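Working notes for the structure below.
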Amino acid sequence: MNKTQQLAEAKQNMKKLGITINYHRDWQEYRVNFKNGQEPTAYYTNDIEDAVGTGFAMAMCRNVMEGPRT
């Protein structure tokens, strides 16, 4: 799987969790954040696997902080 396919799959999976992943070609970095998240919650990395792992961690932390949904 090439990087473009990896990014497309990661974006699709993260979208379901309320997380966005974008690749900035100028900086050659991935930006991970909550959907509609502000800059203080953004995470930057040059590794797609790190971006995906961080995205999952962010989603899990948010779920713990929000508690069960009723």
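Just so you know, all these numbers are worked out from the coordinates, no wet-lab data involved. Since the structure is predicted, the reported quantities are computational estimates derived from the model, not experimental observations.
Size descriptors for the chain (Cα atoms only): Rg and Dmax, in that order, 12.3, 43 Å.
Given only helices, namely DSSP H runs of n ≥ 4 each adding -39500 (n - 2.57), what is the per-residue ellipticity at 222 nm of the chain, to the nearest 500 deg cm²/dmol? My calculation for the chain gives -15500 deg cm²/dmol from helical runs alone. Axis of helix 3-16 versus longest Cα principal axis of the chain: the two differ by about 10°, to the nearest ten degrees.
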